[in-house]
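One structure is given here, and the rest of the page talks about it.
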Amino acid sequence: MDIGKLADMVEVFEGLEDWRNAQQTRHRLSELLTVAVCAVLSGADDFEEISQWGRAKLPWLRGFLRLDYGVASPDTFERVLALLDPKQFELAFRTWV
């Protein structure tokens, strides 16, 4: 993937409202979504595979993401994606595409 396009995706996802409690949140929403989209586009089928893909690609991902706490756990991906507003995500994703 082109790094410029990935930076565009991160920027679009940064515009999404993060409903989570900032005091208890370690992973930025835009980074979670970027890792998830990249992993799924690379063939990941579930939350475990998304997290594994992210850990395997961590040095590459840090080329355009901060990932201060590394890649989220499968449980974190599942919780966040389950609560994500699908219409808001779709709009952001379509803007990026």
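Quick check: anything in region 57-78 open to solvent by 70 Å² or more (accessible area, probe 1.4 Å) and over 25 Å from GLY4 (Cα atoms)?
yes
Restricting to region 62-89, name every residue that is part of a helix (DSSP H, G or I), out of contact with any Ser or Thr (no Cβ under 8 Å at 6 or more places or on another chain) and free of Cβ contacts under 8 Å to residues at least 40 places away in the same chain.
If the condition is that a residue be part of a helix (DSSP H, G or I), out of contact with any Ser or Thr (no Cβ under 8 Å at 6 or more places or on another chain) and free of Cβ contacts under 8 Å to residues at least 40 places away in the same chain, then ASP75, GLU78, ARG79, ALA82, PRO86, LYS87 are the ones that fit.
Identify the residue in region 21-33 that is charged (D, E, K, R) and part of a loop (DSSP other than H, G, I, E, B) and, among all such residues, is farthest from the chain's Cα centre (by Cα).
The first filter runs over region 21-33 and keeps only residues charged (D, E, K, R), leaving 26, 28, 31.
Filter once more, keeping what is part of a loop (DSSP other than H, G, I, E, B): 26, 28.
Working: ARG26: 13, ARG28: 8 Å.
Top of the filtered list is ARG26.
Kindly provide the set of residues from region 38-49 that are out of contact with any Leu (no Cβ under 9 Å at 6 or more places or on another chain) and either under 17 Å from ALA92 (Cα atoms) or surrounded by 15 or more Cβ atoms within 10 Å (Cβ to Cβ) (or both), ordered by number.
Initial filter on region 38-49 (out of contact with any Leu (no Cβ under 9 Å at 6 or more places or on another chain)): 39-46, 48-49.
Across region 38-49, the qualifying residues are ALA39, VAL40, LEU41, ALA44, GLU49.
Any idea which of (1) in a helix (DSSP H, G or I); (2) open to solvent by 20 Å² or more (accessible area, probe 1.4 Å); (3) closer than 24 Å to ILE3 by Cα is the one ALA92 doesn't satisfy?
All conditions pass for ALA92, except number (2).
Please work out if GLN52 is farther than 14 Å from ALA72 by Cα, open to solvent by 80 Å² or more (accessible area, probe 1.4 Å) and assigned to a helix (DSSP H, G or I).
no
Select from region 1-33 the residues that are under 14 Å from VAL80 (Cβ atoms) and in contact (Cβ under 8 Å) with a residue 60 or more places away in the chain and write down the one among them that is surrounded by the fewest Cβ atoms within 10 Å (Cβ to Cβ).
GLU17
Among the residues of region 34-45, is there at least one that is in contact (Cβ under 8 Å) with a residue 24 or more places away in the chain, over 11 Å from the mean Cα position of the chain (by Cα) and part of a helix (DSSP H, G or I)?
yes
The values are calculated or read from the model by the stated rules, or taken from the named source; none is laboratory data. Computed from a prediction, not measured in an experiment: that's the story for all the values here. Using ideal geometry, Cβ is built from the backbone for each residue, glycine included, and neighbour counts are taken over all protein chains shown. The protein model used for the area step is the full one, side chains on, heavy atoms only, and it has no ligands, DNA or RNA in it. Shrake-Rupley method; radii C 1.70, N 1.55, O 1.52, S 1.80 Å.
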